[in-house]
Amino acid sequence: MRVRRLIPILGDQLSLELSSLDGADPARDRLLMMEVADEGTYVRHHQRKIAFILSAMRHHAQALRAAGWQVDYVALDDPENSGSFTGEVARAVARLNPQAITVTEAGEWRVAAMIDGWATRFAIPVEVREDTRFVASHAEFDAWAAARKQLRMEYFYRDMRRKTGLLMDGDEPVGGQWNFDAENRKPAPRDLMMPRPLSFAPDAVTREVLALVARHFGDHPGRLEGFDYAVTRDDALAQQAHFIDHALASFGDYQDAMLTGEPHLWHSVLSPYLNAGLLDPLDLCRAVEARYRNGCVPLNAAEGFIRQIIGWREYMRGIYWHEGPGYTGRNFLDARRPLPGFYWTGDTDLHCLAQAIGQTLDLAYAHHIQRLMVTGNFAMLIGANPREVHEWYLAVYVDAYEWVEAPNTIGMSQFADGGLLSSKPYAASGAYIDRMSDYCGSCRYDVKARTGPDACPFNALYWDFLARNEARLGRNQRLAMPYRNWAKMNPATQAALRQSAADFLDSLDGAAWPG
């Protein structure tokens, strides 16, 4: 019997409630899952990231079959594997002769462009359905953006609160205000009772994937030893419950904190599972809200976490699709320096960078302040090419898909969009890192010193960043105070700061971008 519909399922669509499955008939429709080399190599993805996605895909295929679906699964080392989504859909069309293709919309422009060409190439109808796993559709975000001169997340977030009813008392926010971020900036104590994420021992499927990744992607960044991510929905739900039970209550207070040797602190480590489809974001937010309403966690923790999901996550996706494929090429600050080679090795005597990059290479994970205020801040201060910075973040983090990573990097981290997303650059000297971490106490550099070979490089780099970008940033109202402070410095102090920055920049390893 001829297959009625071919339903491709992509590697970040690992949900049994996927929109492309609505109305599908397990007896007449065929699901197609594809491990293709193109998806592992368009940037040099971290080995652990590739392993997570492939193992989660294989386990999801098992779950689909257990639910009654017929699944054609193309493994990476299948000798007939064409290496691309379009190539594998072509083989499936030839093999199954479907009447039509139904697919949930892709998360990235690159893949969406492939899907747009399928109807012409295969001469059969192709239905692309909205991804209903998100709160805001593309059309809804575009309508919101069209009504505003400035696209600030805070106002979008309020609309998402109203739409979902999360942490609302009628028309008003619980607690009388929308945002409790001012309470969420405490440095963390070194607590022996600090929670740890659950660790999931690789089963036979995952062990096979780890061997596969070592063979095909062994020259990619990172390492596979100690792989312990959840790769099934049940295990992802176990980590969700573990976070809510043991870490959520302190998440708000310490979400911006950093400690040497502590990669996770009170963070959820749920973003890989949300972005791959193993967890539902609204279900997660409702579980967090319920814990607050039951009196088990403070409001600043629940609100701060929910804002990350229905605020920042949804907003980043909206910006990505609203701005179009040219967004990743923006370079408002005309930053041209190659990304230093130590971003690929962690071999630097700046302790904060060694910590953030080292754990990234080990785990394919760093929390949002490590990404924004350590690796991102440093890259912006030295004038690194934002396209290279973007591709590094996309490659090395297990939760990085371009729709969420690119706006975070191009807009928030590197200010390369000139303020579309963020009202000011997230630039900071060593004082911020010293305040929010214990990194500086173990560093060879003196965070209190501003110039000279032993001074924290962030200090001179901060002032040099402001000075060299004054024509672009000098009228930014949120930078008025630092520019006034710069203007008050005597010329000798200014010259010393800029010379210290120049000396450090000259010493950087400008290794060629390996992507």
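The values are calculated or read from the model by the stated rules, or taken from the named source; none is laboratory data. What you see is a predicted model; the values in this text were computed from it and never measured. Methodologically, a virtual Cβ is constructed for each residue, glycine included, from the backbone with ideal geometry; neighbour enumeration extends over all protein chains shown. Accessible surface is based on the protein model in full, side chains and every heavy atom, while ligands, DNA and RNA are left aside. Shrake-Rupley method; radii C 1.70, N 1.55, O 1.52, S 1.80 Å.
Tabulated data
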item: Helices (runs of 4 or more DSSP H) contained entirely in the stretch 95-207, each with at least 2 residues that are touching a Gly at 6+ places or on another chain (Cβ under 8 Å) and small (G, A, S); result: none
item: Matching option when the condition is touching a residue at least 60 places away in the same chain (Cβ under 8 Å) and either in a loop (DSSP other than H, G, I, E, B) or crowded, with 18+ Cβ neighbours inside 10 Å (or both), among L64, L76; result: L76
item: Residue identified as modelled with pLDDT of 95 or more and of a type in the set (G, A, S) among A238, A188; result: A238
item: Count of residues meeting criterion [open to solvent by 10 Å² or more (accessible area, probe 1.4 Å), hydroxyl-bearing (S, T, Y) and either assigned to a helix (DSSP H, G or I) or over 14 Å from A302 (Cβ atoms) (or both)] in the stretch 237-286; result: 4
item: Every pair of residues 6+ apart whose Cβ atoms lie under 7 Å, when the first sits in the stretch 271-297 and is within 19 Å of P173 (Cβ to Cβ) and of a type in the set (D, E) while the second is open to solvent by less than 30 Å² (accessible area, probe 1.4 Å) and not in a helix (DSSP H, G or I); result: E289/L166; E289/L167
item: Failed item in (1) open to solvent by less than 30 Å² (accessible area, probe 1.4 Å); (2) assigned to a helix (DSSP H, G or I), with A471 passing the rest; result: (1)
item: Subset of the stretch 12-29 (residues that are of a type in the set (D, E) and closer than 22 Å to D399 by Cβ); result: D12, E17
item: Subset of the stretch 101-120 [closer than 20 Å to D72 by Cβ and open to solvent by 20 Å² or more (accessible area, probe 1.4 Å)]; result: M114
item: Any hit, the stretch 351-371, residues being among the hydroxyl-bearing types (S, T, Y), within 30 Å of R196 (Cβ to Cβ) and touching an Asp or Glu at 6+ places or on another chain (Cβ under 9 Å); result: yes
item: Enumeration of residues in the stretch 189-234 that are out of contact with any helix residue (DSSP H, G or I) (no Cβ under 8 Å at 6 or more places or on another chain), of a type in the set (D, E, K, R) and closer than 27 Å to L259 by Cα; result: R190, D191, R196, E225, D228
item: Flag for D446 being within 14 Å of V374 (Cβ to Cβ) and open to solvent by 30 Å² or more (accessible area, probe 1.4 Å); result: no
item: Yes/no for T360 being polar (S, T, N, Q) and open to solvent by 20 Å² or more (accessible area, probe 1.4 Å); result: no
item: A123, sole failed condition from (1) surrounded by 19 or more Cβ atoms within 10 Å (Cβ to Cβ); (2) of a type in the set (A, V, I, L, M, F, W, C); (3) on the phi > 0 side of the Ramachandran plot; (4) without any contact (Cβ under 8 Å) to a residue 40 or more places away in the chain; result: (1)
item: Selection from the stretch 418-438 of residues that are over 25 Å from C456 (Cα atoms) and either open to solvent by less than 20 Å² (accessible area, probe 1.4 Å) or of a type in the set (A, V, I, L, M) (or both); result: G419, L420, L421, S422
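Table: residues versus (1) more than 29 Å from I357 (Cα to Cα); (2) open to solvent by less than 60 Å² (accessible area, probe 1.4 Å).
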{"residue": "C440", "(1), (2)": "no, yes"}
{"residue": "P453", "(1), (2)": "no, no"}
{"residue": "N459", "(1), (2)": "no, yes"}
{"residue": "D464", "(1), (2)": "no, yes"}
{"residue": "M481", "(1), (2)": "yes, no"}
{"residue": "R498", "(1), (2)": "no, no"}
{"residue": "A501", "(1), (2)": "no, yes"}
